[in-house]
Amino acid sequence: MKLLERLRPPQATIYMLELNEGSYFHQHKYQFGKELNTTDEIAEAYRQTCLKMDDLGYEHYEISSFYRKDRPYPRHNTVYWEGDKPFAAFGMGATSLLGGIR
């Protein structure tokens, strides 16, 4: 958060680290002598993050995304949300909307 406060980017996306079963990080989760956070602790950290971002002047607009209230609303994902404009998507699990067909 200190870096975010100093840089004040127009947008920020903040994700919680997920330790998927079988991953390197999951296998070494006790390396530093600390157990994983509980679901309640993770939920509280998310709540606190949202409150802190609001205090810093950011608006919460997606699950993990925030934009500065003194800047224009981000439009980079609106084509997906509105669902009526064609778009092409590529990659694993990607879904396009072309010619009215998803």
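The values are calculated or read from the model by the stated rules, or taken from the named source; none is laboratory data. No experiment lies behind these values; they were computed from the predicted model shown. Because the Cβ atoms are built from the backbone with ideal geometry, glycine has one as well, and the counts that use them run over all protein chains shown. Ligands, DNA and RNA are excluded from the accessible area calculation, which covers all protein heavy atoms including side chains. Shrake-Rupley method; radii C 1.70, N 1.55, O 1.52, S 1.80 Å.
Here are the numbers:
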item: Which listed residue is of a type in the set (D, E, K, R) and surrounded by 12 or more Cβ atoms within 10 Å (Cβ to Cβ), from ARG8, ARG102, ARG47, ARG75; result: ARG8
item: Residue within region 65-73 that is touching a Pro at 6+ places or on another chain (Cβ under 8 Å), assigned to a loop (DSSP other than H, G, I, E, B) and over 30 Å from LEU98 (Cβ atoms) present; result: yes
item: Filter result (in contact (Cβ under 8 Å) with a residue 12 or more places away in the chain and farther than 30 Å from PRO72 by Cβ) within region 8-29; result: LEU19
item: Test result for GLU18, within 15 Å of the chain's Cα centre (by Cα), surrounded by fewer than 10 Cβ atoms within 10 Å (Cβ to Cβ) and assigned to a loop (DSSP other than H, G, I, E, B); result: yes
item: Scope region 74-91; condition under 20 Å from ARG102 (Cβ atoms) and out of contact with any Leu (no Cβ under 8 Å at 6 or more places or on another chain); matching residues; result: HIS76, ASN77, THR78, VAL79, TYR80, TRP81, GLU82, ASP84, ALA89, PHE90, GLY91
item: Yes/no for TYR24 being surrounded by fewer than 10 Cβ atoms within 10 Å (Cβ to Cβ), out of contact with any helix residue (DSSP H, G or I) (no Cβ under 6 Å at 6 or more places or on another chain) and not β-branched (Val, Ile, Thr); result: yes
item: Answer residue from region 50-63, given it is at pLDDT 90 or above and open to solvent by less than 70 Å² (accessible area, probe 1.4 Å) and is farthest from GLN11 (Cα to Cα) among those; result: CYS50
item: Test: TYR80 is under 26 Å from PRO10 (Cβ atoms), assigned to a helix (DSSP H, G or I), open to solvent by 100 Å² or more (accessible area, probe 1.4 Å) and free of Cβ contacts under 8 Å to residues at least 24 places away in the same chain; result: yes
item: Contacts under 6 angstrom Cβ, first residue in region 64-77 being farther than 11 Å from MET53 by Cβ, partner assigned to a loop (DSSP other than H, G, I, E, B) and of a type outside the set (A, V, I, L, M, F, W, C), 6 or more apart; result: ARG71/PRO10
